[in-house]
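Notes for the one structure printed next.
The values are calculated or read from the model by the stated rules, or taken from the named source; none is laboratory data. As the structure is a prediction and not an experimental result, all values here were calculated from the model. Neighbour counts run over all protein chains shown; Cβ positions are idealised from the backbone, glycine included. SASA here: full protein model, heavy atoms, side chains in, ligands and nucleic acids out. Shrake-Rupley method; radii C 1.70, N 1.55, O 1.52, S 1.80 Å.
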Amino acid sequence: MSSAVEYIPRDTLVHRLNPLTKIIGSLALLTISIILDSLLYLGGVLVLVLACGVFAKISAQLLKAFKVLLIFAVILFLIQIVFYRWGQTAFYLIPGTNLLPVTYEGLAFGAVIALRMMIILTSFIIFLSTTHTRDMVMVLVEKVRVPYDYAFMFVTALRFIPTFLAEVKTIQEAQKARGYKLEGVSPLRKLKAYLPIALPLVLISLAKGENLALAMETRAYGAGVPRTYLKDWTIAARDVLSLLFFLVGIVLSIYLRFAVAT
Amino acid sequence: MDVMTSVQVENLTYAYEKGSYALKDINLKICKGEMIAFTGKNGSGKTTLAKHLNGLLKPTSGRVFINGLDTTGKTVSFLAQQVGYVFQNPDHQIFNDTVYEEVAFGPKNQGLTGKDLEQRVLNALQVVGLETYGSTYPYKLSKGQRQRVALASVLAMDSDILVLDEPTTGLDYKESQQVMELVAGLHQKGRTIIFITHDMNLVARYAERMIVMANGEVIADGRPRDIFAQPKTIKSGSLKVPVVTLLAERGGFTSRTVLDEEEFIHDIYQYKRRMSLNVLCS
C-alpha cells in the first residue's frame, strides 16, 4: 500500500488542479458517498472516480491499489452480511440449519458499505498520487494558515521515511554479513534480536537529525523574515469548475436520497 | 571447477527493477589468494557485484560460485562463513557496549563459545591493533578505529574471502594507510581480498589485479600497470590515474607505466645514467 500513495508525476489536468480543490474534492466525494445509499448511484460514483484516475494517467498504479482495496471490500461485505440481522432471510451461511441467517437487506447494506469504502479510499489515493506532498502542505500553510513549523515537521517526517528504510536495509545487510539471523527466533527473544538493527538506526538517525538542524540553521531557518512562496496557487477556471461540479454532486445526492422516495 | 578458484561468476545479470539492469552478463574468476580492486564511477555496479559474493543479492540470471558453492538458495549467514563483507560505514553495524562484544557478534552467530570464541576475538583485535581497547565503548573511538573494529568483527569470523566496500572512505591519510596495510597483511597470509575503491593510488599500491566497471559491465580486467596505460579504458571508466603515472608518461624518460613514487625515481635515475653514458660514448 505504501507505494500506492506515492506522488506520481504526470502532466494532466488532475495534477494541475489546485491542491486545495483536490482536498475539497476528496472530502466532497466522502460526503456524497455517505449521503447516497443506493447501490446503483454509488456504483456510478465509483465508476466516475475510477475514470478520473484513468484521466490522471495513473491507472496502472491505481489498479494495484484497487486490487488490495477489493480484498478489504470483500471482507467488509462479509462482516456486514453476517452481522446484519434485519429483513427477509435469503439463505443461511451454514446450510441445513438456521444458524447465521443472511438477509437480502444485509446483502444490499454490505455492498453499500463496501462501495462507500472503495469510493472514499480511491478518491484519496487519486488525490495523494496526483499531488506533491510539498505542494499540498504549502497550500495548507498559505491558504488555510497552518503554522509553517508544523507543516515543515510533517513534510520532513514524510521525506525521511524512505531514507530510514534505506538505512534499515543497509544495517540489516551489514548484520546479515556477520551471520545475524532474525528468522527462527522465538517471539519472546525477538525484541532483543532487533537490537543489532535498532541501535545503529537510532544512532545514525540522531546524527542525521543533528546534521539537518545544522544545515537548516546555516540557511537561516527561523530567521523571522516572512516567507514568500515559489508557486502561486491561484484558483483557476478549472478549479472553479471542479468545485462547482462537486457542489452539484452533493446537492444532487441529497436530492436523490431524500426527495426521490426509494 | 578447480580448487584454486575462490569466486566464479558466470553470465551474471542483475536487475533491481524489471528492465533496468544494474549488472549485465558479468563473467569473472578470482583465484585463491588474489588481491583485486573493483573500480569504476558511482553507479557503475561495483557494490552490486560485490553484494552477490556473499549472497546479499541473488542473480536475476546467471550464477555465482563461492569456493565451488552456488550462492542460489544459500542464506547470507551461511555464506558469511566463506565471505566476510566489511561495509563502507562502520556505524551501520556497531551496536554493542564494548569493542570486544562487537567483534564477538559474528563468531557467536557462527556458534562459537568459550575459549575458541575468546581466541578468535583477541586474534582479530590484535590484527587490527586494537587489543588494548577490548572494553572500550565503540563510539568513543575515532572513525578510523571504528573502521578497524568493523574489520576485526568480520575477521573474527575467519572467512578466507574478504570483501571491503570503500574501506578508506572518510578516513584521514594515516588511518587509511593503517587499514590498507592491515588488509595487505591479511592478503600476505593467503586470504583472497576484494576491495572497492575510487582511489587509484591505493589500486596502484595494493592491487595485483583490477577490474573497471561502467554501466553494469566489466570493461577491463587486468594488472593496474596495464590498465593505467590504456587511456580509453581510463576515460570510459571515469578513473584518474595517479599523478606520478601521468608525469612519467609525459616525461618520456621511461617506457613502462610507472605506479608509484619509488618506481618514478628509480626510472628517472636509470634515464640519467643512460644519458650520461651516452655523453661519455659520443
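Miscellaneous remarks
- If you go through region B:48-86 and keep only what is under 16 Å from the mean Cα position of the chain (by Cα) and open to solvent by less than 10 Å² (accessible area, probe 1.4 Å), you end up with B:Leu49, B:Ala50, B:His52, B:Leu53, B:Asn54, B:Val83, B:Gly84, B:Tyr85, B:Val86.
- Verdict on A:Lys192 being of a type outside the set (A, V, I, L, M) and within 31 Å of the chain's Cα centre (by Cα): no
- For region B:140-149, filtered to residues that are under 19 Å from B:Val183 (Cβ atoms) and open to solvent by 40 Å² or more (accessible area, probe 1.4 Å), the residue that is farthest from the other protein chains (Cβ to nearest Cβ) is B:Ser142.
- Matching residues in region B:71-85 - criterion: being in a helix (DSSP H, G or I), at pLDDT below 90 and more than 8 Å from every other protein chain (Cβ to nearest Cβ): B:Phe78
- Exclusive hit being open to solvent by 40 Å² or more (accessible area, probe 1.4 Å) and within 30 Å of B:Ala104 (Cα to Cα), set A:Ala166, A:Ala220, A:Ala174: A:Ala166
- A residue that is away from every other protein chain (no Cβ under 14 Å), farther than 30 Å from A:Val45 by Cα and open to solvent by 80 Å² or more (accessible area, probe 1.4 Å) occurs somewhere in region A:232-246.
- Entirely in region B:175-239, the strands (runs of 3 or more DSSP E) that have 2 or more residues that are open to solvent by 30 Å² or more (accessible area, probe 1.4 Å) and in contact (Cβ under 8 Å) with a residue 24 or more places away in the chain: B:217-222
- No other residue among A:Leu212, A:Leu188, A:Leu158, A:Leu201 is surrounded by 15 or more Cβ atoms within 10 Å (Cβ to Cβ) and either away from chain B (no Cβ under 14 Å) or modelled with pLDDT of 90 or more (or both) apart from A:Leu201.
- A:Gly87 vs. criteria surrounded by 12 or more Cβ atoms within 10 Å (Cβ to Cβ), of a type outside the set (Asp, Glu) and at pLDDT 90 or above: no
- Residue match in region A:48-59 (condition: hydroxyl-bearing (Ser, Thr, Tyr), part of a helix (DSSP H, G or I), closer than 20 Å to A:Val112 by Cβ and out of contact with any strand residue (DSSP E or B) (no Cβ under 9 Å at 6 or more places or on another chain)): no
- Hits in region A:247-262 (condition: part of a loop (DSSP other than H, G, I, E, B) and open to solvent by 90 Å² or more (accessible area, probe 1.4 Å)): A:Ala261, A:Thr262
- Pairing residues of region B:42-67 that are farther than 13 Å from B:Val212 by Cα with residues that are charged (D, E, K, R), at Cβ distances under 6 Å and at least 6 apart in sequence or on separate chains, gives B:Gly55/B:Lys74; B:Leu56/A:Glu173; B:Leu57/B:Lys51; B:Gly62/B:Glu10; B:Arg63/B:Glu10; B:Arg63/B:Asp70.
- For region B:142-151, the condition holds for no residue, the condition being that it is among the polar types (S, T, N, Q), in contact with a Gly (Cβ under 9 Å, 6 or more places away or on another chain) and at pLDDT below 90.
- Residue in region B:125-134 that is surrounded by 15 or more Cβ atoms within 10 Å (Cβ to Cβ) and on the phi > 0 side of the Ramachandran plot present: no
- Restricting B:Gly45, B:Gly40 to residues that are at positive phi, open to solvent by less than 60 Å² (accessible area, probe 1.4 Å) and touching a Leu at 6+ places or on another chain (Cβ under 6 Å) narrows the list to B:Gly45.
- Top-ranked residue of region B:253-282 - restricted to ones that are of a type in the set (A, V, I, L, M) and over 30 Å from B:Val203 (Cα atoms), ranked as most open to solvent (accessible area, probe 1.4 Å): B:Leu280
- The set of residues in region B:86-139 that are assigned to a helix (DSSP H, G or I), among the polar types (S, T, N, Q) and within 9 Å of chain A (Cβ to nearest Cβ) contains only B:Asn109.
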